[in-house]
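Each value in this text was obtained by applying a stated rule to the coordinates, not by laboratory testing. Since this is a predicted model, take the numbers as computed values, not measurements. When we count neighbours, we look across all protein chains shown, and the Cβ atoms used for this are built from the backbone with ideal geometry, even at glycine.
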Amino acid sequence: MVSSFIPPTCSQILINQNNIQSQYISSKGLSGRILPAGTFSDPIAALEYIYGVVCPIPNLPPRPSTIQTIKLVRIIYDKDYLITDNEIEVTVTGNKRLTFFVRMAFDKDYKLCAYDGQIRNFGLTFDPSTDIERQATIHFICNFTQTFCQGKLQQYSSVNDCIKFLTTSVPYGSLDRGDQGNVACRTIHAYFVPLLPTMHCAHVGPTGGGACTNKPIDFYYNQTNFLGCAYKQY
């Protein structure tokens, strides 16, 4: 399973090349959350965010950081259900490392049906450290948005309108709060805009589309049991 997160398999799963998703993903669908990136009850979003955050996707604009290596540091099996507790270390561009702590649930055919995890030091690893870098990120988001979010999906009247909004109306924030109403959250979603504009254009827009919006602490405790789809072995 872990090897499926390495290119080119991760991008093949994202675009379902040759129906490859059926080898890894439950026919019942997929849901989950990876904090602080977000919570995903929608199967498409859940697939994107477990496979696409650091996966290079062919024919789409390049990401600044993509996965280079992956190592399963530790795995623990539940004695009753098809659930694993995993510690996964990923090396990305620039020899930066991320550690994922994630519980994965599988159906009776050992296909992934849900996950619930966290990324250690997401912001410390990737947050820009200067105003120049932050402004460059805002310009990137706005140019991306104006290029791919058009017609009914348009979010801003112009690139300058977008830059003004992201500079003055919302905080820049940190990827350690990557599902809140800030610029950092919109950075995560911007890379998915070309893949699925109908879903992600609203996320990078002024409203945040329900994804990049401020959430109270109770939000994280009032979610459904993502791992409830796990097959009971005994």
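Checking the a/c ratio against 1.5 first, then a/b against b/c, what shape does the Cα gyration tensor give for region 54-114? Because a/c hits 1.5 or more and a/b fails to exceed b/c, region 54-114 counts as oblate.
Give the shape of region 1-53 as rounded, prolate or oblate, defined through the alpha-carbon gyration tensor: a ≥ b ≥ c are the square roots of its eigenvalues, a/c under 1.5 means rounded, and otherwise the shape is prolate if a/b is larger than b/c and oblate if not. The shape class here is oblate. Compared with the alpha-carbon gap, the fully stretched path from Thr91 to Gln23 is longer by 22.0 nm at 0.36 nm per residue. Computed extension gain for Asp80 through Lys152, at 0.36 nm per residue and net of the alpha carbon distance, reaches 21.1 nm. Karplus-derived 3J(HN,Hα) values for region 112-122, using 6.51 cos²θ - 1.76 cosθ + 1.60 with θ = phi - 60°, are 5, 10, 6, 8, 8, x, 9, 10, 7, 6, 4 Hz; glycine and proline are entered as x. If you take the Cα centroid of region 24-70 and the Cα centroid of region 169-214, the two points sit 15 Å apart.
Using only Cα atoms, what Kirkwood radius does the chain have, in angstroms? About 18.3 Å for the chain.
For region 170-232, rounded, prolate or oblate, judged on the Cα gyration tensor with a ≥ b ≥ c (square roots of eigenvalues), a/c < 1.5 rounded, else prolate if a/b > b/c? Judged from the Cα gyration tensor, region 170-232 comes out oblate (a/c at least 1.5, b/c at or above a/b). Taking every C-alpha pair closer than 8 Å and separated by at least 6 residues, the mean separation divided by the residue count of the chain gives a relative contact order of 19 percent.
Ordering Ser3, Ser41 from the fewest to the most neighbouring beta carbons within 10 Å gives Ser3, Ser41. Max-minus-min Cα coordinates of region 99-234 on each principal axis give 60, 34, 25 Å, with the largest extent listed first. The long axis of helix 131-148 is offset from the longest Cα principal axis of the chain by roughly 80 degrees. Pairs of lysines in the chain whose Cα atoms sit within less than 22 Å of one another amount to 11, provided the residues are eight or more positions apart or on different chains.
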